[in-house]
Amino acid sequence: MKALVVTENSKAEIRDVPVPEIGADDVLVRVKACAICGSDVHGYDGSSGRRRPPVIMGHEAAGVIERTGGNVTDYAPGDRVTFDSTEYCGTCYYCRKGMVNLCENRRVLGVSCGEYNRDGAMAEYIAVPQRILYRLPDAVTFQQAAMVEPLSIAVHAVNMSPLRLGDKAVVVGCGTIGLLLIQTLKAAGCGAVVALDVDEGKLALARRLGATETVNTAREDAPECVRALTGGRGADLAFEAVGVSQTFNIALDCARKGGGVVLVGNVASRVDFNLQKAVTSQIALYTSCASAGEYDVCLSLIASGRVDVDSLVSACAPLAEGDGWLARLHAAEPGLIKVELLP
């Protein structure tokens, strides 16, 4: 089969590789669409250390079942499916508690990090265990289904927060996850959502997707603007969707006393923040890792039109053009949000 293989830092090429073998509990999926994640871009250049060459990246995908293992009874060849990015064991303490995102034996598709090497979905085929599969509703296309994984990140983050009907929220960062957070918060009954970013194009899209107000943090004092929009108090919840010190502290400064900050982004491994601000304002910090079974909810949100993922897809391209698109995303080309590869 053809696969896009990262052969060295900042270089990926199409190679002929063996079709993955499947075990008794696995299925072989013919990949129809695979989106490029921000973590793939950071892995492509070697900066994250989690895409060590050679590796086939990709964990945001959908396709058609080609073949099933002997123990697979719930799925059959021809079924349209997507699958969790997390390959979890199903038997450890955390899996038994329903926290599959924290599985003690967790592996992420398309990751090669030293502890393990697990090829992903930037290929014609991928083998996955049946426990991580989800059927696609008729109304959801393969390209839309490739966006379920990032949407599940947003849905999980909102589920991890103490959001109450009518709350006012801030979303810091209007990349893919931030834009999906805005829509998820509105669907969950948030009364107002203020979107923060430095890119006017992304802020315009945020308004179109449901943001009540937007603030350009390169031009305006974001915490002051948020307080002006919330009766001088600040937001009930601030969702940080970048993961660096500057945006962490902006989120902290936007939250009201007794409010909360939900940490979703994790670009930097460490951040500095105003501890006294957090403590003296009694601001609760919540962290959110991946997702834990929210795919069915996400598929329903897309099928019903309550979440628009189509507006986030900037381009769909053949797998053979993957290296060029990875390079363009790495260069932060203006206007690019999400790119999907079609094997």
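The condition (being touching a residue at least 40 places away in the same chain (Cβ under 8 Å), open to solvent by 20 Å² or more (accessible area, probe 1.4 Å) and acidic (Asp, Glu)) is satisfied by just one residue among ASP236, ASP253: ASP236. Residues in region 160-175 include none that are closer than 25 Å to GLY231 by Cβ, assigned to a helix (DSSP H, G or I) and in contact (Cβ under 8 Å) with a residue 40 or more places away in the chain.
Within region 141-159, the set of residues being polar (S, T, N, Q) and either within 24 Å of SER314 (Cβ to Cβ) or outside any helix (DSSP H, G or I) (or both) comprises THR141, GLN143, GLN144, SER152.
Considering only residues that are among the small types (Gly, Ala, Ser) and within 16 Å of GLU340 (Cα to Cα), which ones fall in region 304-320?
Within region 304-320, the subset among the small types (Gly, Ala, Ser) is 304-305, 311, 314-315, 317, 320.
Residues satisfying the conditions are SER311, SER314, ALA315, ALA317, ALA320.
Filtering ALA139, ALA192, ALA218 for residues that are open to solvent by 40 Å² or more (accessible area, probe 1.4 Å) and either within 21 Å of LEU301 (Cβ to Cβ) or in contact with a Phe, Trp or Tyr (Cβ under 7 Å, 6 or more places away or on another chain) (or both) leaves a single hit, ALA139.
Among the conditions (1) closer than 22 Å to LEU237 by Cα; (2) open to solvent by less than 60 Å² (accessible area, probe 1.4 Å); (3) modelled with pLDDT of 95 or more, GLY305 misses just one, which is (1).
Limited to region 215-229, what total is found for residues that are more than 24 Å from LYS257 (Cβ to Cβ) and in contact (Cβ under 8 Å) with a residue 12 or more places away in the chain? Talk me through it step by step, then tell me what you get.
So the first thing to find is which residues in region 215-229 are more than 24 Å from LYS257 (Cβ to Cβ), and the list is 216, 218-219.
If we keep only those that are in contact (Cβ under 8 Å) with a residue 12 or more places away in the chain too, we end up with 216, 218.
Here the count works out to 2.
Of all residues in region 271-294 being more than 23 Å from ILE132 (Cβ to Cβ) and in contact (Cβ under 8 Å) with a residue 40 or more places away in the chain, which is nearest to the chain's Cα centre (by Cα)? Break it down stepwise before answering.
Step one: filter region 271-294 for residues more than 23 Å from ILE132 (Cβ to Cβ), giving 271-286.
With the extra rule that they be in contact (Cβ under 8 Å) with a residue 40 or more places away in the chain, the set shrinks to 284, 286.
Numbers: ALA284: 23, TYR286: 17 Å.
Result: TYR286.
Screening MET147 with (1) out of contact with any strand residue (DSSP E or B) (no Cβ under 7 Å at 6 or more places or on another chain); (2) open to solvent by less than 60 Å² (accessible area, probe 1.4 Å) gives one miss only, at (1).
Here LEU285 does not fit the description of being surrounded by 20 or more Cβ atoms within 10 Å (Cβ to Cβ), of a type outside the set (Lys, Arg) and in contact with a strand residue (DSSP E or B) (Cβ under 9 Å, 6 or more places away or on another chain). Is it true that PHE239 is in contact with a Leu (Cβ under 6 Å, 6 or more places away or on another chain) and closer than 30 Å to GLY49 by Cβ? It is true that PHE239 is in contact with a Leu (Cβ under 6 Å, 6 or more places away or on another chain) and closer than 30 Å to GLY49 by Cβ. Set side by side, the residues VAL297, VAL267 differ, and just one is over 20 Å from ALA187 (Cα atoms) and either surrounded by fewer than 22 Cβ atoms within 10 Å (Cβ to Cβ) or free of Cβ contacts under 8 Å to residues at least 12 places away in the same chain (or both), which is VAL267. LYS186 satisfies every condition listed in (1) out of contact with any Phe, Trp or Tyr (no Cβ under 9 Å at 6 or more places or on another chain); (2) of a type outside the set (Asp, Glu); (3) outside any strand (DSSP E or B); (4) under 24 Å from CYS316 (Cα atoms) except (4).
With respect to the conditions (1) open to solvent by 10 Å² or more (accessible area, probe 1.4 Å); (2) not in a helix (DSSP H, G or I), ARG227 lacks only one, and its number is (2). Within region 313-343, the set of residues being open to solvent by less than 50 Å² (accessible area, probe 1.4 Å), of a type in the set (A, V, I, L, M) and in a strand (DSSP E or B) comprises VAL313, ALA315, ALA317, VAL339, LEU341.
The values are calculated or read from the model by the stated rules, or taken from the named source; none is laboratory data. In this text, all values refer to a predicted model and were calculated from it rather than measured experimentally. Note: ideal-geometry Cβ built from the backbone for every residue, glycine included; neighbour counts use all protein chains shown. These area figures cover heavy atoms from the full protein model, side chains too; ligands, DNA and RNA do not enter into them. Shrake-Rupley method; radii C 1.70, N 1.55, O 1.52, S 1.80 Å.
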